[in-house]
Amino acid sequence: MSATNASNGSRIETYEDFVKVHDLLLAASGLPQSLHFKLFQKLASETFDGGAHFEIEPCEEGRQRRLLLTSETMAKDSNVFLIDHAWTFRLPDAYKQLQEVPGLVQRMAALMCVDVENDGGSEQAAESGGKMTADEVLESEIRNAKETGDGFVRWLELEELGLDDATFLSLNLSTKFPDLLALSLCGNKLENQEKLVEEVTKFKNLKALWLNNNPVLEKSDCGMEDAILQGCPKLEIYNSRFTHNFGEWALGFCADVYGKDNPASSHQGNLPLQSVTSLDLSNRGIHNLINKAFSPFEMPNLSYLNIRGNPIEENSVSDLFGLLKAFYCLQSLEVDIPGPLGDSAVEILESLPTLSSLNGVDASKILESENHIVDSMLQLRLPEWTAEEPLADRVLNAMWLYLMTYRLADEEKLDENPVWYVMDELGSALRHSDEPNFRVAPFLFMPEGKLASAVSFSILWPTQNVKRGDECTRDYLFGIGEDKQRSARLTAWFYTPQKYFIQEYEKHLKKLQSKCLPSLSVKSSATTVVHRSDGSALRVYTDIPQIEEFLTRPEFVITNEPKDADIIWTSLQIDEEVKKAVGLTDQQYINQFPFEACLVMKHHLADTIQKAQGSPGWLQPTYNLETHLSQLIGDYCLRKRDGLNNLWILKPWNMARTIDTTVIDNLSAIIRLMETGPKICQKYIEHPALFQGKKFDLRYIVLVRSINPLEIFLADVFWVRLANNLYSLEKHSLFEYETHFTVMNYGRRLNHMNTPEFVREFEKEHQVKWLDIHQRVKSMIRSVFESAASLHPEMHDPKSRAMYGVDVMLDASFQPKLLEVTYCPDCMRACKYDTKAICGGGETVRGPDFFNFVFGCLFLNETIHVCQL
C-alpha cells in the first residue's frame, strides 16, 4: 500500500507508510530514530506495556504519586512506551465535562490525589486515647533520670496533653525540676498570660521554651515574651525561634549536639561545637548572626550551613560575608536570594570562593549560567482543598499541576483553540527534575493517514540509564531555559522565592510611577485635501465588502486593480514586500500607519502606554508574560498577602474575538497558559459598570489623519456590546463565555441595542450623565494616541490615513478602562443601523452613510459626524 493510499483513507499497515504520514510528527516529538519502528509496532498493536516496567507509589503523605522503575535496568533510548490520555478537552468545556461525563471527575480526583477527605482530626482523637496523663509523664521522666543519669530532669516535654491553666499550676514543675533546661508545652490549652509568665520564670536556667499552639499565644502581645525573656535571662530559644541571647546551646540544639538525651554539655568547658560539620539555622528568626558562639573558633569544621528564612537585618552584607569567609571549611550554603547576602547568586559565590554548592546547586553551574536566583530545594505546590469543596472544584484547581497541551493543524490553518489533556495514571506520576531520566512528548497517530482518524497519545522513553528502584522523572519545562524565564515558570509547580518576585514587582512599579507624559497641544489641520490633478473621482481599492457597498459619494469610485488606485483600504497588513509584489507605489494612500503595531498588538499597546505614561488609571495593571512574568508573580503574591482580588484575564498578543482568552485566579494556571502562545496578563475588572445586570463594553471609532502633528477624530457613531448572561464572579461562571465576554457577532446570539436607547436607559439606571462619561473617554483616547505619537514618531507618514476601533469598559465608578485598539475594525453595525449622535445636536446618522463621512474626514478634511480630539 502506498503512502498516497494511506492519505486517502486506507489504514496504514507498513512501517514505511507510517513514517511517510507521520514524518513531521516524529521529528517534532524528539523521539530517537532508533525507536521509530518500535513505536510503530506498539501503535499498530495498541500495546500499553508500561505496567510491566514501572510502578506507581504514593508520596508526600499521599498528596502526590511518583513513578519507579521495576525492571532491573533500562538503557538510554532502549524502549518507548505509549501513554493514554485520560482526559482531553478545550478549556471552556472543562467544568461541563467534569459535571456530565460519567466517572470522569472521580478518576481525575483520584489521579490528582484530591479525593481523600481530611479526617486527620478523628485519627488524632483516636491516638490521644492512648496517651499518658501529665502525672504519668512526670513519673516516667523522674524514673528515667534516676535510671540513666544523675537523677535530675533537665528536659521535659508535656505536649498535647490537654493541660489547662489550673492543671499546669497544680503540677508544681519549678519545685520538682529546678534544674530544667528545656520545657515544651506545645499543643495544650493554656490561656492565662500572667500565671504562665509567673510559673515559667521560676526556671532561672531555662534555655528553651516551647509554647506553640496554645490559646495564650493568640491573645498575647510582645509584653508576655518580654516578661519571659526578662525572667529567664539564659533563654536562647523561645517558640522555636532564637532569642537575642542565643549562643552555644541554641546552636548545639540545631546541630543535634543537644537534645532530650543530652540536654547539657559533657565537654567540661571545652569546645562542644568543634565536631559540628552541618548546621541548619533555617527559620529561627535570627536578626543578628554575629555572635561569639557562631564563629570558626567554636565550629572549625563547619562545611554545611542553612540560614534560610532569617531576616538577619542587623548585619550588613559586607559584615556577613566577612563572617562567613572565616569558616574555611564551609562548602555548602543555603540562603534566601534575595536576602541578607544580597540578590545575586553569582556575587555570593564570588564573595565566598570556598563554596562548591549554593542552595543545592553546583557552584560551577551557577557561574556558567550566570543565574542570579538559584534553588534546588523548592517546595512542591501541592493541591489544597476543603472537605466541603466538590470534587469538580478540587480537580479544576489541581489540574494545572498535571495538564499538557497541543494545537491541531492541517495544511489549511492552525486551530485557534488549544487542546489540553491529562496523561493516564502512569504518565501523571512522572515528577519534575532539572536532570530528568525520561522524556515525554505528545503524538498524534493517524491510522488512516489523515487528521480525521487521529488518536492522541503521549510517548515515553528513557534519556538516561536507569535501574530498579530509580524514580522516573521528566523536565516539565523541556527546552525552556532562563532566556524564556525558566526559574519563574517553575512557580507553576513549586513555591519559588516570593521575596525575589516582590522585589522585581516593586522595581517595576517604581519605574512606572516615574513616567509622566505632557499632553500634546491640539493644532489646526495641517493635512491637505486629497484630489486628483484632473479633478476626477479618487479611485479606491478595497477588500472590505461594506466599503464596496456603502462608499457611494461621487468623490470616490471603487476600482478592482490595486495599481490603479489612489487609496488602498485593506484588512491585510501592507509591508514593503507586499507593495513590491502587488506593484504599489509611495504615492498611493494606505489605511495604515507604519509601526502601528505599537497600538494594535496588545503587548505593544501596554508597553507603549507604560513607557510614555507609566500606569494611568485607565489602564489596568498589565504584564507581557514573555518578558515580565517575574513582576506579575510579585504583584500576584502581594495581592494574595493583602487579601486583594486576584482575578486576571489572559489575552493572546494578536488574536481577535477573545480567541484563547481566559479569566482565572490560579497562579499556576496563569503560568501554564503561556504554553499556548504569547500573552499579556491584565488585572481583570472584577467590578465593572453593569447594564441591567449584564457586562458590556463600548466600541469607539477613531480616525487618524496625521501622527505629526497629531490629528485624530472621534466618530459620533459608537456602539455597545452586551454579554448575554447576568454578570457573576462565581468561579464556575468563569467558564461561561456569554457571562464574561461581549463579542457575540461571530456565531453566537447577538443582542443589538440602539446606542441612544442604551444611553437613556443607562443614565436612568445609574443616575449619571453620559456626557461626563463621554468626556473622560475622549480624554483617555487622546492620551492613548499621544503616547504612540510621542514614543514612536516613526509612525508618521503623509500617505497614511487610518481608522481604528478602540474598545472601552467602564468600572463601577464609571471610569473608562482601555481594553484594546484594533486595526481596520468590523463596522457592520455602524453600516447596518441608523443612530443619533449622543453629543452635539443629536442629529441622525444614517448607517449607509458611515463610510461616506469616514472617507470625507480622512481624505477631504471634512468634520461631519466626527469631533476632533
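The values are calculated or read from the model by the stated rules, or taken from the named source; none is laboratory data. Small disclaimer: the values here were computed from a predicted structure and weren't measured. When we count neighbours, we look across all protein chains shown, and the Cβ atoms used for this are built from the backbone with ideal geometry, even at glycine. Please note that ligands, DNA and RNA were not included when accessible areas were found on the heavy atoms of the full protein model with its side chains. Shrake-Rupley method; radii C 1.70, N 1.55, O 1.52, S 1.80 Å.
General remarks:
- The residue 28 and residue 49 beta-carbon pair, evaluated with R₀ = 35 Å, returns a calculated FRET efficiency of approximately 0.90.
- Between segment 655-724 and segment 53-105, the alpha-carbon center distance in angstrom: 37 Å
- A 1.4 Å probe run over the protein chains yields, for segment 515-635, 50 Å² of accessible area per residue, whole-number rounding.
- Label-zone membership for segment 666-697, site residue 812, 7 angstrom Cα→C-beta point, backbone N under 11 Å: 686-690
- Residue ranges 563-574, 755-766 sort as 563-574, 755-766 when ordered by packing (mean number of other C-beta atoms within 10 Å per residue, highest first).
- Only protein heavy atoms count here; under a 1.4 Å probe, residue 148 has an accessible surface of about 120 Å².
- Farthest toward the positive end of the dipole of the chain, out of 758, 230, 535, is the Cα of 535, where the dipole comes from beta carbon charges about the Cα centre.
- Projected label distance in nm at residue 101 and residue 434, using a 7 Å step from Cα toward the beta-carbon: 3.6 nm
- Links that overshoot a 28 Å alpha carbon limit, given the list 602/694; 450/580; 484/683; 511/683; 204/325: 450/580; 204/325
- Once the chain from residue 136 to residue 452 is taken as fully extended at 0.36 nm per residue, the excess over their C-alpha distance is 106.3 nm.
- Net charge contributed by nearby residues that have their C-beta within less than 9 Å of residue 620 (K/R +1, D/E -1): +2
- ³J(HN,Hα), Karplus 6.51/-1.76/1.60, whole Hz, each residue of segment 626-636, x for Gly, Pro: 6, 10, 10, 5, 4, 5, 5, 4, x, 4, 4
- Net length gained if the chain between residue 368 and residue 170 were fully extended (0.36 nm per residue, minus Cα distance): 64.9 nm
- Other residues lying with their Cβ under 14 Å from the Cβ of residue 511 contribute a combined charge of 0, Lys and Arg counting +1, Asp and Glu -1.
- Computed E for residue 494/residue 15 - FRET, C-beta separation, R0 35 angstrom, nearest 0.05: 0.25
- Aspartates and glutamates whose Cα lies under 17 Å from that of residue 778, excluding same-chain neighbours fewer than 8 positions away: 697, 711, 716, 786, 807, 811, 820
- Charge dipole (debye, nearest 20) of the chain; +1 at Cβ of Lys and Arg, -1 at Cβ of Asp and Glu: 2160 debye
- Take the Cβ atoms of residue 408 and residue 347, set R0 to 51 Å, and the FRET efficiency comes out at 0.60.
- Distant-in-sequence amide H partners of residue 711 (H built 1.01 Å from N, under 5 Å): 705, 706
- Burial order of peptide ranges 425-433, 185-193 (average beta-carbon count within 10 Å, highest first): 425-433, 185-193
- Cα centroid separation, segment 831-869 to segment 772-803 (Å): 19 Å
- Report summary: the helix-based calculation at 222 nm, which adds -39500 (n - 2.57) for every DSSP H run with n ≥ 4 and divides by the residues of the chain, gives -8500 deg cm²/dmol.
- Of the GluC sites (Glu not before Pro) found in segment 2-94, those that fall in a DSSP loop while having at most 16 other beta-carbon atoms within 10 Å are 13, 46, 60, 61, 72.
- Accessible-area value, residue 640, 1.4 Å probe, nucleic acids and ligands omitted, Å²: 140 Å²
- Across 507/651; 219/499; 176/260; 510/695; 507/679, pairs whose alpha-carbon gap is larger than 26 Å: 219/499; 510/695
- Computed in the context of the full set of protein chains, the accessible area of the chain at 1.4 Å probe radius has 48% of its extent on carbon or sulfur.
- The mean sequence separation of alpha-carbon pairs under 8 Å and at least six residues apart, normalised by the residue count of the chain, gives a relative contact order of 11 percent.
- q = 0.08 Å⁻¹, the chain: log10 I(q)/I(0) [Debye, one scatterer per Cα]: -0.96
- Percent RCO, i.e. relative contact order, over segment 181-247, from Cα pairs under 8 Å lying at least 6 residues apart: 36 percent
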